[in-house]
Structures are given as structure tokens and as C-alpha cells.
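**Student:** Below you will find the structure I want to go over with you.
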Amino acid sequence: MSETIEPRAYSIAQASGALGLCRDSIYKLIRSGALPAKKCGKRTLILVTDLDAYLQSMPSAYEVTAA
């Protein structure tokens, strides 16, 4: 039986798909420091825990519309 391995990090393309944002938006978040990233050779990786932390730090839709 094949065991499913959960990813510990996402590529830029995977993070883009997970967040529903374009690649440029992911790179802007990384450059601004809002989304930490790691380098492995030429690849840029985003840890799943860092992606989750970024999502948790975002304001709720209600907070944004009430402001």
C-alpha cells in the first residue's frame, strides 16, 4: 500500500496555487518579508508552516470591510 507523504515545503508554483495568487504576488510577499522563503540551490521554497502562519496573520474579511 502506498503511503501519502504530506509536503513540508512548497515551490513558488505550488504556493501560488495554494493561495490563488499569481507568481508575482508570491515574490512580492517574499520581498516584503511577509512570507519567509528558503533557497535550495536555484529553487525557492516556502515552508508549509510559514504559509500557514502568513494565512493566520491576515485580517478576517469582516475586519477589512468594517474598517
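A short reminder: the numbers here are calculations on the coordinates, not readings from a lab. Quantities reported herein were computed from a predicted structural model and do not represent experimental measurements. Here the Cβ is made from the backbone with ideal geometry for all residues, glycine too, and neighbour counts use every protein chain on show.
**Student:** Considering Leu45, Leu21, which residue is in a loop (DSSP other than H, G, I, E, B) and surrounded by 13 or more Cβ atoms within 10 Å (Cβ to Cβ)?
**Tutor:** Going through Leu45, Leu21 in turn, the sole match is Leu21.
**Student:** Something else: Given the criteria of a type outside the set (A, V, I, L, M), assigned to a helix (DSSP H, G or I) and loosely packed, with under 15 Cβ neighbours inside 10 Å, does Lys28 qualify?
**Tutor:** Judged against the criteria, Lys28 is a match.
**Student:** Regarding Leu35, is this residue in a helix (DSSP H, G or I), touching a residue at least 12 places away in the same chain (Cβ under 8 Å) and buried (at least 16 other Cβ atoms within 10 Å of the Cβ)?
**Tutor:** No.
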